[in-house]
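The values are calculated or read from the model by the stated rules, or taken from the named source; none is laboratory data. All figures in this text were calculated on a predicted structure; none of them were measured in a lab. Cβ coordinates were reconstructed from backbone atoms using ideal geometry, including for glycine residues, and neighbour counts include every protein chain displayed. Accessible surface areas use protein heavy atoms only, side chains included; no ligands, DNA or RNA. Shrake-Rupley method; radii C 1.70, N 1.55, O 1.52, S 1.80 Å.
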Amino acid sequence: RPLKQTSIANVSDWRSSKSKRVVRSTLAAETQAIDDATDHAYFTAAYLDELLNGNLATAQKTPTIPCYSITDCRSLYDAVHKDATQVSEKRTAIGIASIISSLIVGGLRWIPTYLQLADVLTKRNKQLRQSMSDWLLWPTVRLGDGTV
């Protein structure tokens with residue numbers, strides 16, 4: 001399994017926006033966010049694959065640039081990796097099904113919230129800003145430790 005060891009990383013893109021619809025739960029909000037992010041990551045990977053490797057992007061071809069979907073929402077991780085039919089909201093269940101069908105490489109990965117450096121992009125917190133600043137000096141990631 002790739003990236004269980006620490007690897008050099010970078011931020012190629014990020015965005016923050018308001019939810020496009022009213023949601024009734026954290027699971028619904030996280031599902032919508034990761035579904036949108038997965039679509040955007042696929043586009044970015046296809047674009048970079050074409051730009052850097054000359055591989056023509058098509059809807060039928062998976063880019064050679066690896067993408068990893070990561071969440072600190074354990075209930076979303078469990079819904080994707082277990083039985084999503086347990087979700088009571090139909091729109092959330094459809095979103096989870098979309099995530100499952102569109103994950104590019106490695107499925108959805110869960111990391112503990114304390115390792116979620118991207119929180120600084122949406123939350124005002126001096127400690128988070130310092131952590132991100134320190135990370136940007138030598139950016140690395142480890143997307144698994146074998147526990148999940």
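Among the residues of region 117-140, just one is at pLDDT below 80 and not in a helix (DSSP H, G or I), namely THR122. Is it the case, given these coordinates, that ALA97 is closer than 15 Å to HIS40 by Cβ, open to solvent by 40 Å² or more (accessible area, probe 1.4 Å) and either more than 14 Å from the chain's Cα centre (by Cα) or modelled with pLDDT of 80 or more (or both)? In short, no. The C-beta contact set for region 126-143 (first residue within 21 Å of GLN5 (Cβ to Cβ), second residue open to solvent by 80 Å² or more (accessible area, probe 1.4 Å) and in a loop (DSSP other than H, G, I, E, B), distance under 6 angstrom, 6+ apart or interchain) comprises PRO139/ASN10; THR140/THR6; ARG142/THR6.
Is there any pair linking a residue in region 35-47 that is polar (S, T, N, Q) to one that is buried (at least 16 other Cβ atoms within 10 Å of the Cβ), with Cβ under 6 Å and at least six apart or on different chains, and which? If the second residue must be buried (at least 16 other Cβ atoms within 10 Å of the Cβ), the pairs left are THR38/SER69.
So in region 77-93, with the set limited to residues that are outside any loop (DSSP other than H, G, I, E, B) and either open to solvent by less than 80 Å² (accessible area, probe 1.4 Å) or under 15 Å from ALA29 (Cβ atoms) (or both), which one is modelled with the lowest pLDDT?
My answer is ALA84.
Selection within region 37-76: residues that are of a type in the set (D, E, K, R) and crowded, with 16+ Cβ neighbours inside 10 Å. The member of this set that is modelled with the lowest pLDDT is ASP72.
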